[in-house]
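The values are calculated or read from the model by the stated rules, or taken from the named source; none is laboratory data. Here the structure is a predicted model, which is why all the values come from computation and not from measurement. Don't worry about glycine lacking a Cβ; one is built from the backbone with ideal geometry, like all the others, and counts go over all protein chains shown. For the accessible areas, the whole protein counts, side chains as well, though only heavy atoms, and no ligand, DNA or RNA atoms are used. Shrake-Rupley method; radii C 1.70, N 1.55, O 1.52, S 1.80 Å.
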Amino acid sequence: MSTAPLDGAGRRFIDLPALAGERLARLPWVLRLLLENVARTQSGADGDAAINALLAWPERATSMAEIPVQPGRVLMHDTTSTPALVDIAAMRDSLAEHGVDPASLNPVLPVDVSIDHSLAVEVYGRGDAATLNIGHELRRNAERYRFLRWASNSLTGVRIHPPGTGIMHTINLEQLATVVTTETRDGERWVMPDLMIGTDSHTPMVNGIGVLGWGVGGLEAQTVMFGMPIVLRIPEVIGVRLTGRLPAGVLSTDLALVVTHRLRKLGVAGEFVEFYGPGVSTLTAGDRAVVANMAPEYGATTGYFPIDAATLEYLRSTGRSEEAIALVEGYARRTSLWFDPVESPVYTRVLEIDLAEVGMHVAGPRRPQDLHQFWETGPVLRKLEGGAQAAHPIAIAAITSCTNTSDPRLLVAAGLVARKARALGLEVPEGVKTSLAPGSPAAARYLERSGLDQDLATLGFDIVGYGCTTCIGNPGPLPPEVPGRTGHRVAVLSGNRNFPGRIHPELDRAFIMSPPLVVAFALAGDADRNLRDEPIAVRDGKAVMLSDLWPTHEEIDAAVATAVDPADYAEAFRVATARPEWHALEAPSGARFAWSAKSTILRRPPFASVEAGSQLGHYTAYPLLVVGDDVTTDHISPASAIPKASLVADFLVERGDDRNDLNVFASRRGNWEVMLRAAFHNRSLVNLLAPEAPVAHTVHAPSGAVIPIWEAAERYRAAGESVVLVAGERYGTGSSRDWAAKGQRLLGVRAVLASSFERIHRSNLVGMGILPLRLPRGRGPRDLALAAGDRIEIDAEAVSLAPRRAVTVTVLRKDGRREAFAATAAVETQFEVDLLRDGGVIPYILRKAID
């Protein structure tokens, strides 16, 4: 430790160079940050052991040791915070029923909640679209928003950022992140890194400005909120060495898509990723944030860029004080957290990327890691059609998502394409739904100052609001098909995911691309167009090519320099926070929330109880569902619009809801009865037990009946039978939503056997007391060829379970054959074992509170 002054004042801090000596230079920057956190927050033998394990990194480059990490704050959005806060409200009820003061259960860390996931693009292509859309949002979600206001009034440290303030990760970059922070402990002032977690997989976006943060599930966040550390196995760190400089015309979106493709090809699965090398210094903080944002798409926990001059410039450009900026620089330099492009730490593996070789790209049409040249959309789509020529009219063209709207350069580039197109008299064809949903309300100010807002509006890209919109499946209704433009409709968007059905339940093909390329494809109106060699349009007999519209880096930089004012960020956020309609919502009061039996939005969940028991043991189970590879959390627990003609809709209509105004699945995450019925409600999901079954149906083996999944689960439960789920590679990829695990727990699933798991979903399964088991090679779902009537015996007694221990699994065929093999418990730490023995996070927290 050291009390050396950083800025003329004596402040305590962990002196990393003194602590680590020569070994520090070989540690990746992310491990330096973890070392600082452990040294500052842990003591005694456990703290010493964690420090020594981290300092042993250079010799081994990997480790099986566990370390406790204590984040300083938690970030959530409305559709992950609602279920978490509903859990807490129910836990307070449970405590009261056990004679414990319910008000004693409170977060001990600051919790920021951004309401950004509920805005839908109902209105577009007009100047008042944003006002009208937020009006629809407040009307549809008033009950849920009143609950969030109750939570902010009744729980310590919970702060709600109302609709219209922006997307959570943009808010984090522009308003919340300090990079370096201070706190008073035992009467002394400490300086430390701003280390945080968020209940959204794209939380690593803040890695772009040197803040170490990553996404967790809402269940894991609850443990942190109540003062428990995150216990990690010391992560493997993939080093991505960047050299060169991005060529003319190539943008940060293109780099992010290349990184995603390359790292998925490398097989990244939960490792920390860190960028280093001389190429890093050629990227702005805005560029870096785009690449960092897509960490979950490339399979990583983080996508970290260390602190350097670009960090300071970003802080200055978004209106941070010079005092705060000086503290960041002084602290980072003093502790060796400052980036040096010539340093070469020891990494688990290294990937080299020459920025000069990155071109203009798109990704899709079904996965973000499937990279293509921007002119190859047609051949890719035709390949899906079996080589047949077919029309692919664009139904949605959305400039959307924190990923590609937080950096002014990307929005300005889109505006410059629109300006040139407007000057040439080009128009977007009828039948294309256009929208612009920036991550920050400050965007409206700099686009207006530059006049680019009018250029975009002329093409139909009026601002529709400040939220996630199309990127998370809230595009609103599709436009009607236009005669002469029929075919297999496609979406183009500047988002981060494009799984089938994610953007809209009726669209299974979507390409991710930069905002200016979205504008260009919208003008073309056809995803089958080769925009390198074919004209976007023909105007007055002259072919207009993409090169006629595409801005240079110099044009973009000049426009940004005149348009952006650092004062915009704080002022726009202040105005949005003061929205009268939000503050007019009446909020309940009291330590306990008053549930309504008539509500279809908020219901006390049955699993939020101390009585929920462990699901470990030696048992035989029926497979409730068998699925293949790349089953996403959108498949498991959809967020998009509730189909009018669905059993879920029927359930809601029977309870008084309007079939024509059911909102989206995500808005119902406070009602466990709805979410139980929504589990696996995705038309692109194939159940290998019953491939021809309707959406969200399975076969009930004892009767042979094909029935809704939740009904089959209830039959098994009533008969005292256990159930499990079997899946392929990358099970649970996508969003962090904890309801993907909660739904499976409510279905009675005791274990999920998968070829591999995505990191956050695996953690959420453990958090709900469901044992994740990794299948050995050659034992995937198609290899097992399970049929209705086959059963699975699992020997997973609580007393013998340990991290990554072999678990005996035996397939009991209905014809009497037995096939035994060893699966691996996908359990990373002893703390996770303890959670499984207790039945999950919620019983664990409640028992500690009662004891």
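In segment 12-33, which residues are part of a helix (DSSP H, G or I), among the hydrophobic types (A, V, I, L, M, F, W, C) and touching a Phe, Trp or Tyr at 6+ places or on another chain (Cβ under 9 Å)?
Start the filter on segment 12-33 by keeping residues that are part of a helix (DSSP H, G or I), which leaves 16-26, 29-33.
Next cut, among the hydrophobic types (A, V, I, L, M, F, W, C) only: 16, 18-20, 24-25, 29-31, 33.
Within segment 12-33, 29, 30, 31, 33 qualify.
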>> Looking at 89, 56, can you tell me which residue is open to solvent by 20 Å² or more (accessible area, probe 1.4 Å) and either within 29 Å of residue 164 (Cα to Cα) or at pLDDT below 95 (or both)?
In response: 56
> In segment 115-165, what residues are among the aliphatic types (A, V, I, L, M), more than 21 Å from the chain's Cα centre (by Cα) and assigned to a loop (DSSP other than H, G, I, E, B)?
Replying inline: 123, 155
> How many residues, within segment 62-114, are in a strand (DSSP E or B) and over 18 Å from residue 154 (Cβ atoms)?
Replying inline: 8
>> Looking only at segment 384-397, filter to residues that are farther than 12 Å from residue 528 by Cβ and out of contact with any helix residue (DSSP H, G or I) (no Cβ under 9 Å at 6 or more places or on another chain); which one of those is least open to solvent (accessible area, probe 1.4 Å)?
In response: 395
>> Out of the residues in segment 177-198 meeting the condition of being modelled with pLDDT under 95 and in a loop (DSSP other than H, G, I, E, B), tell me which one is nearest to residue 633 (Cα to Cα).
In response: 186
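Conditions tested, residue by residue: (1) buried (at least 24 other Cβ atoms within 10 Å of the Cβ); (2) charged (D, E, K, R); (3) touching a helix residue (DSSP H, G or I) at 6+ places or on another chain (Cβ under 6 Å).
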position	(1), (2), (3)
289	yes, no, yes
308	no, yes, no
322	no, yes, no
332	no, no, no
340	no, yes, no
>> Take residues that are touching a strand residue (DSSP E or B) at 6+ places or on another chain (Cβ under 8 Å) and tell me which of the helices (runs of 4 or more DSSP H) falling wholly in segment 309-406 contain 1 or more.
In response: 322-334, 377-384, 402-405
> Do any residues in segment 559-571 that are within 12 Å of residue 415 (Cβ to Cβ) and of a type in the set (Ser, Thr, Tyr) have Cβ atoms under 8 Å from those of residues that are part of a helix (DSSP H, G or I) and open to solvent by less than 50 Å² (accessible area, probe 1.4 Å), where the two are at least six apart or on different chains, and which pairs are they?
Replying inline: none
>> Exactly one condition in (1) farther than 21 Å from residue 369 by Cα; (2) over 15 Å from the mean Cα position of the chain (by Cα); (3) open to solvent by less than 10 Å² (accessible area, probe 1.4 Å) is false for residue 229; which is it?
In response: (3)
> If the Cβ limit is 6 Å and pairs must be 6+ apart or interchain, which residue in segment 231-244 that is part of a loop (DSSP other than H, G, I, E, B) pairs with which residue that is open to solvent by 30 Å² or more (accessible area, probe 1.4 Å) and hydroxyl-bearing (Ser, Thr, Tyr)?
Replying inline: 236/62; 236/348
>> So, residue 262, is that one under 22 Å from the mean Cα position of the chain (by Cα) and surrounded by fewer than 24 Cβ atoms within 10 Å (Cβ to Cβ) or not?
In response: yes
> over 32 Å from the mean Cα position of the chain (by Cα) and open to solvent by 10 Å² or more (accessible area, probe 1.4 Å), is that true of residue 819?
Replying inline: yes
>> For segment 766-789, give me each residue that is of a type in the set (Gly, Ala, Ser) and either more than 29 Å from the chain's Cα centre (by Cα) or closer than 15 Å to residue 725 by Cβ (or both).
In response: 769, 778, 780, 785, 787, 788, 789
> Any residue at all in segment 28-46 that is charged (D, E, K, R) and in contact with a helix residue (DSSP H, G or I) (Cβ under 7 Å, 6 or more places away or on another chain)?
Replying inline: yes
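Determine if segment 510-521 includes at least one residue that is open to solvent by 10 Å² or more (accessible area, probe 1.4 Å), in contact (Cβ under 8 Å) with a residue 40 or more places away in the chain and either farther than 19 Å from residue 406 by Cβ or among the small types (Gly, Ala, Ser) (or both).
No, segment 510-521 has no match at all.
Residue-wise test of (1) within 18 Å of residue 298 (Cα to Cα); (2) assigned to a helix (DSSP H, G or I).
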| residue | (1), (2) |
| --- | --- |
| 726 | no, no |
| 736 | yes, no |
| 741 | no, yes |
| 745 | no, yes |
| 750 | no, no |
| 753 | no, no |
| 762 | yes, yes |
| 765 | no, yes |
> Here are some conditions: (1) more than 32 Å from the chain's Cα centre (by Cα); (2) surrounded by fewer than 20 Cβ atoms within 10 Å (Cβ to Cβ); (3) within 24 Å of residue 691 (Cβ to Cβ). Residue 792 meets all but one. Which one does it not meet?
Replying inline: (2)
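Here's the yes/no breakdown for (1) surrounded by fewer than 22 Cβ atoms within 10 Å (Cβ to Cβ); (2) closer than 30 Å to residue 851 by Cβ; (3) among the charged types (D, E, K, R); (4) at pLDDT below 95:
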| site | (1), (2), (3), (4) |
| --- | --- |
| 49 | yes, yes, no, yes |
| 62 | yes, no, no, yes |
| 76 | no, yes, no, no |
| 115 | no, no, no, no |
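Just checking, does segment 706-724 include any residue being part of a loop (DSSP other than H, G, I, E, B), open to solvent by 20 Å² or more (accessible area, probe 1.4 Å) and in contact with a His (Cβ under 7 Å, 6 or more places away or on another chain)? Steps first, answer last, please.
Going residue by residue through segment 706-724, those that are part of a loop (DSSP other than H, G, I, E, B) are 719-721.
Keeping just the survivors that are open to solvent by 20 Å² or more (accessible area, probe 1.4 Å) gives 719-721.
Filter once more, so that each one left must be in contact with a His (Cβ under 7 Å, 6 or more places away or on another chain): none.
No, every residue in segment 706-724 fails to be part of a loop (DSSP other than H, G, I, E, B), open to solvent by 20 Å² or more (accessible area, probe 1.4 Å) and in contact with a His (Cβ under 7 Å, 6 or more places away or on another chain).
Residues 352, 357, 430: which one is over 22 Å from residue 305 (Cα atoms) and open to solvent by 30 Å² or more (accessible area, probe 1.4 Å)?
From the options 352, 357, 430, the qualifying one is 430.
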> Taking the condition open to solvent by less than 20 Å² (accessible area, probe 1.4 Å) and of a type in the set (S, T, N, Q), does residue 530 pass?
Replying inline: no
> Of the residues 752, 811, 807, which single one is open to solvent by less than 10 Å² (accessible area, probe 1.4 Å), under 30 Å from residue 293 (Cα atoms) and without any contact (Cβ under 8 Å) to a residue 40 or more places away in the chain?
Replying inline: 752
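Which fully enclosed helices (runs of 4 or more DSSP H) of segment 611-683 have 2 or more residues being open to solvent by 10 Å² or more (accessible area, probe 1.4 Å), touching a residue at least 60 places away in the same chain (Cβ under 8 Å) and farther than 25 Å from residue 122 by Cα?
Filter on segment 611-683 gives 672-678.
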> Out of 570, 612, which single residue is more than 30 Å from residue 659 (Cα to Cα), modelled with pLDDT under 95, aliphatic (A, V, I, L, M) and under 29 Å from the mean Cα position of the chain (by Cα)?
Replying inline: 612
> In this structure, does residue 593 turn out to be under 30 Å from residue 836 (Cβ atoms), modelled with pLDDT of 95 or more and open to solvent by less than 60 Å² (accessible area, probe 1.4 Å)?
Replying inline: yes
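Determine whether residue 247 is outside any strand (DSSP E or B), touching a residue at least 24 places away in the same chain (Cβ under 8 Å) and closer than 26 Å to residue 740 by Cα. Before the answer, list the steps.
Working: outside any strand (DSSP E or B): yes; touching a residue at least 24 places away in the same chain (Cβ under 8 Å): yes; closer than 26 Å to residue 740 by Cα: no.
Judged against the criteria, residue 247 is not a match.
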